[in-house]
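See below for the structure under consideration.
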Amino acid sequence: MLELLVILCLLPLIYLLFFDKLYREVSFLFSLFIFSYTLFIFLTLDFNSPEFQWTFSILTYQFGIDNISIFFIILTAFLQPICILINWNNTLNLRSILAYLFLIEFLLILLFMTLNTLVFYILFESILIPMFIYIGKFGARSRKIEAAFKFFIYTYIGSLVMFIGLVYIYYVKGTLDLELLYVTEFTKNEQIFLWLSFFASFSVKIPIAGSVLLAGILLKLGIYGFIRYSIPLFPYGSAYFLPLIYAIGIISIVYSSLATIRQIDLKKIIAYASIGHMNFVLLGLFSQSIEGLMGSMYIMLSHGFISSALFTTIGMLYDRHHSRILYYYRGLTNVMPLFAVFFFILNLANFSFPGTASFIGEFIILLPLLELNTIAGLLTAFSLLFSALYSLWLINRVIFGSLSIYITKYNDLFLREFSILILFTFLIIYFGLYPQIIFNSLSMSLSYYTLMPQINIV
């Protein structure tokens with residue numbers, strides 16, 4: 001079954017390489033079919049089992065999914081047709097853009113399915129190559145080449161330390177098979193060293209955002225690495241570095257929030273806000289409770305919708321006015337009422353307003369965090385005020401007040417744009433009111449983590 005998903009991801013790539021007719025329509029249909037097939041796989045999973053399911057081999061390497069990875073795969077497949085719709089009217093290099101998007105999707109889905117640590121590392125770093133080219137070639141600013149190199153160097157240097165850790169594991173344990181490593185014991189000193197080597201790679205993957213696909217999926221690769229590798233393989237190391245994690249997480253939330261308030265570029269505002277959300281997820285992962293893990297997973301999924309939708313709205317404004325400067329906009333309710341409604345709702349969701357999906361995740365994370373470390377919990381809860389501050393400030397600046405003198409030509413949402421935003425908004429509100437479908441699906445796999453020893457480091 002998973003073999004067919006891999007083949008389906010390759011077919012649009014092959015089509016785009018060899019055919020140039022109706023490639024936009026064909027790509028969109030392929031992306032819809034891939035997404036539909038991931039939903040079919042979801043329905044066939046046994047959610048009462050924490051084991052990997054539908055396993056298959058490529059050469060000697062095992063691939064499979066469980067109740068955790070399937071949600072990342074579905075989110076990846078869901079965002080692909082959205083990305084195509086966003087670029088629908090792009091007549092410049094559209095075929096190349098689509099090819100890169102499908103290549104990234106193919107690598108991501110393989111990454112979420114692999115059961116071999118070396119293959120995970122290879123795929124983890126391979127995604128940097130198409131992203132490097134994509135940013136450098138299709139970036140919106142004159143500094144896109146510089147941004148591409150910074151992105152590549154910043155993310156790759158940390159991964160070299162992880163490679164050293166993988167070499168050590170293979171030399172000492174004789175295997176990199178994930179299922180075997182789950183039942184392999186590491187000494188306390190080994191766990192400390194290996195946890196740091198993996199942390200060096202996963203942590204630099206967290207603060208990267210800049211587009212729908214980056215914010216929706218790639219931003220979460222480091223978090224997925226913590227869930228799949230660092231926490232289950234090195235429980236002592238995870239507990240040993242709790243003070244470090246809490247310090248980094250809280251400082252990053254406050255710093256990113258203050259940095260968000262200082263930005264005047266709309267895209268940067270959403271990007272810096274995303275950094276704060278991912279550090280909130282990080283605190284939940286290391287709360288040593290299934291509730292914290294549940295909340296972290298829920299925030300990651302909801303953030304995939306919210307941040308992607310907000311980046312989409314910024315793109316819609318840029319397409320009309322060719323500016324992302326905050327001070328250019330004001331009073332959009334007067335000329336773009338539909339856009340203003342969606343922009344208002346999405347920004348409420350961005351600071352976890354009750355009734356939206358992100359509120360569920362952050363509330364569930366705070367409960368075990370307060371119980372485990374009251375000071376860390378209170379500081380994290382206090383940092384939510386910054387999130388509300390920059391979100392309400394952004395709403396007030398962009399859509400309320402008198403119409404900006406710079407906006408002389410305007411039109412509200414087109415049908416394609418309305419369809420994208422109404423879909424995002426529906427999902428954000430639906431999962432904000434009915435989270436049980438996600439919790440029921442994740443409970444068995446995440447309960448595996450509760451079987452690990454709770455280590456108190458003095």
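Read-outs: derived from the displayed coordinates by stated rules, not from any lab. Remember, it's a predicted structure, so these values are computed and weren't measured experimentally. Using ideal geometry, Cβ is built from the backbone for each residue, glycine included, and neighbour counts are taken over all protein chains shown.
What relative contact order, as a whole-number percentage, does the chain give when Cα pairs under 8 Å and 6 or more residues apart are counted?
Once normalised by length, the contact order is 15 percent.
Label residue 122 and residue 370 with points 7 Å out from Cα along Cα→Cβ: what is the distance between them in nm?
4.8 nm
Alpha carbon centre of the range 242-274 versus the range 4-78: separation in Å?
After rounding, the separation between the Cα centres reads 33 Å.
Measure nothing fancy, just the Cα-based angle from helix 69-86's long axis to the longest principal axis of the chain, in degrees from 0 to 90, nearest 10.
Result, in degrees: 20.
Taking the Cα centre of the chain as the origin and placing charges on Cβ (Lys, Arg +1; Asp, Glu -1), which of 278, 395, 383 is farthest toward the positive end of the dipole?
Result: 395, furthest along the dipole toward the positive end.
Given axes a ≥ b ≥ c from the Cα gyration tensor, I'd like to know whether the range 320-419 is rounded (a/c under 1.5), prolate (a/b larger than b/c) or oblate.
prolate
List the lysines whose alpha-carbon lies under 17 Å from that of residue 137, not counting same-chain residues fewer than 8 positions away?
By straight Cα distance, residue 137 reaches 150.
Let me check against my output: what whole-number percent is the relative contact order of the range 298-420, with C-alpha pairs under 8 Å and at least 6 apart?
39 percent
How far apart, in nm, are the 7 Å Cα→Cβ label points at residue 171 and residue 320?
So the label points at residue 171 and residue 320 sit 6.0 nm apart.
What residues from the range 398-419 fall in the zone where the backbone N is under 16 Å from a label point 7 Å along the Cα-to-C-beta line of residue 334?
398-412
What would the Debye formula give as log10 I(q)/I(0) at q = 0.09, 0.12, 0.13 Å⁻¹ for the alpha-carbon point model of the range 241-458, no solvent?
Treating every Cα as an identical point scatterer, log10 I(q)/I(0) equals -0.39, -0.65, -0.74.
Ignoring solvent entirely, what values of log10 I(q)/I(0) come out of the Debye formula for the range 371-445 at 0.17, 0.18, 0.26 Å⁻¹ when each Cα is a single scatterer?
So the normalised log intensities work out to -1.06, -1.09, -1.10.
Measure nothing but the geometry: give the 0 to 90° angle between the long axis through the Cα atoms of 337-350 and the longest principal axis through the Cα atoms of the chain, rounded to 10°.
Orientation of helix 337-350: about 20 degrees from the principal axis.
Send over the Kirkwood Rh of the range 50-132, from the inverse of the averaged 1/r over different Cα pairs, rounded to one decimal Å.
For the range 50-132, inverting the mean 1/r across all distinct Cα pairs yields 14.0 Å.
Could you tally the net charge around residue 53, taking each other residue with its Cβ under 12 Å from the Cβ of residue 53, Lys/Arg +1 and Asp/Glu -1?
Charge balance near residue 53 sits at -3.
Any idea what log10 I(q)/I(0) is at q = 0.06, 0.07 Å⁻¹ for the chain, Debye with uniform C-alpha scatterers and no solvent?
Values, matching the q order: -0.25, -0.34.
Provide the FRET efficiency to the nearest 0.05 for the residue 93-residue 396 pair, computing r from the beta carbons and using R0 = 45 Å.
Computed FRET efficiency for residue 93 and residue 396 comes out at 0.75.
Which GluC sites (Glu not before Pro) in the range 2-66 pass both tests, a DSSP loop state and at most 13 other beta-carbon atoms within 10 Å?
Taking the range 2-66 and a limit of 13 other Cβ atoms within 10 Å, the loop GluC sites (Glu not before Pro) found are 51.
Kindly state, to the nearest 0.05, the FRET efficiency for residue 150 paired with residue 436, given R0 = 41 Å and r defined as their beta-carbon distance.
My answer for the efficiency is 0.45.
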